Every structure is written in C-alpha cells, then in structure tokens.
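Peer 1: Take a look at the following structure, please.
No value in this document is a laboratory result; all are computed from the given coordinates. Predicted model only: the values in this text are computed from it and were never measured. All Cβ positions, glycine included, derive from the backbone under ideal geometry; neighbour counts span all protein chains shown.
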Amino acid sequence: MKLLLRLAIGAVSVWVATLLIPGITLSDESFTAPWFGTLVLVAVIFGVVNAVLQPIIKTIGCALYLLTLGLIGLVVNGALLWLTGWIAGKFNIGFTVETFWAAVFGAVVIAVVNWLLNLLLRD
C-alpha cells in the first residue's frame, strides 16, 4: 500500500511540474486513463533512474557536493529528469523534457511537491 501511495505522489509531482514548467509536456492533457498511465510510467521511470544512478553519482561526485554545499544536487536531479524524458521518448510514452534548464526547474518542482505531499500524508 505504501508503494502505491509513493507512486501516486510521484505521479502528482510530475503532473504539477508539467503544469508549471513550460519545457516539460505530456502528449495528452486530459484526465483519461492513458493520461494517468503516462504519469504513472514517468513516475516509475524517474524513480528507477533516481534509485539506480543517484547513489552512484553522489559517491563519485562527493567532492563536488561538498564544494558547492549540495547545490550540485539541483543539477544532478535536473540531469536525471532529462534522462527520464529521453527514456520516455525512446519508449514513445508521451513525456518530453525540452531543455536542460526546464529539467532543472522541473526537478525542483517535483522535489518540493514530493516533500509537501509526503509531509501531508505521513503514516
């Protein structure tokens, strides 16, 4: 049950990012089953990309995290969102991230919305 809740929170976070950031788009903007399926697939891809690559990047780039006081994390999260958009494009899922800066701002929006929803929906 907790996994489904986290997946729903991730999907809502991606949806909010598509609403607020001009360079992040979904191919279908209506509230239909394929639209929600696209959001869930993107949330799964983003979660897997973060789970696999982020610890490796943090380990390798530990000095950069210390040097920039963690601000490089914004760039890393943006790059991971951009990678998610590229993977979604390869599978024709209907999610695009046009520019790197859209990915960085989208990653910030996703992180803030995730934090707020997790704060509101604690166990």
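Peer 1: Nearest 10 degrees, 0 to 90: what angle lies between the long axis of helix 72-90 and the longest principal axis of the chain (Cα atoms)?
Peer 2: The answer is roughly 40 degrees.
Peer 1: Here are several values of volume of the Cα convex hull per residue in Å³: (i) 115; (ii) 135; (iii) 100. Which one was derived from the coordinates shown?
Peer 2: Entry (i).
Peer 1: Which value at 222 nm does the chain reach when only helices count, each DSSP H run of 4 or more adding -39,500 (n - 2.57), with the total divided by all residues and rounded to the nearest 500 deg cm²/dmol? Intermediate values should be presented prior to the final figure.
Peer 2: On the way: 5 runs with 93 residues, N = 123.
Counting only the DSSP helices, I get -25500 deg cm²/dmol.
Peer 1: Here's something else I'd like to know. How large is ³J(HN,Hα), in whole Hz, for each residue of the range 48-65 in order, when computed from phi with the Karplus curve 6.51 cos²θ - 1.76 cosθ + 1.60 and θ = phi - 60°, using x for Gly and Pro?
Peer 2: Calculated HN-Hα couplings, in order: 5, 4, 5, 5, 8, 8, 4, x, 5, 5, 5, 5, 5, x, 4, 5, 5, 4 Hz.
Peer 1: Taking R0 as 22 Å, what FRET efficiency do you get between Leu4 and Leu53 from their Cβ-Cβ distance, rounded to the nearest 0.05?
Peer 2: E between Leu4 and Leu53, to the nearest 0.05, is 0.40.
Peer 1: Residue farthest toward the positive end of the dipole of the chain, with Cβ of Lys/Arg at +1 and Asp/Glu at -1: which of Val108, Ile24, Phe36?
Peer 2: With unit charges placed on the Cβ atoms, the residue in question is Val108.
Peer 1: Would you list Thr59, Thr38, Thr25 from fewest to most Cβ contacts within 10 Å?
Peer 2: Exposure proxy ranking, most exposed first: Thr59, Thr25, Thr38.
Peer 1: Same structure, new question: With a ≥ b ≥ c taken as the square roots of the eigenvalues of the C-alpha gyration tensor of the range 50-121, please select rounded if a/c is under 1.5 and otherwise prolate if a/b is larger than b/c or oblate if it is not? Walk me through the numbers before you get to the answer.
Peer 2: Values: a/c = 1.82, a/b = 1.25, b/c = 1.46.
Here the range 50-121 falls in the oblate category.
Peer 1: Follow-up question, since we're still on this one. So between Leu69 and Phe100, what do we pick up on full extension, going 0.36 nm a residue minus the alpha carbon distance?
Peer 2: 9.0 nm
Peer 1: Here's a follow-up. Assuming R0 = 30 Å, what is the FRET efficiency of Ser27 and Val112, from their Cβ-Cβ distance, to the nearest 0.05?
Peer 2: With R0 = 30 Å, the Cβ-Cβ based efficiency is 0.75.
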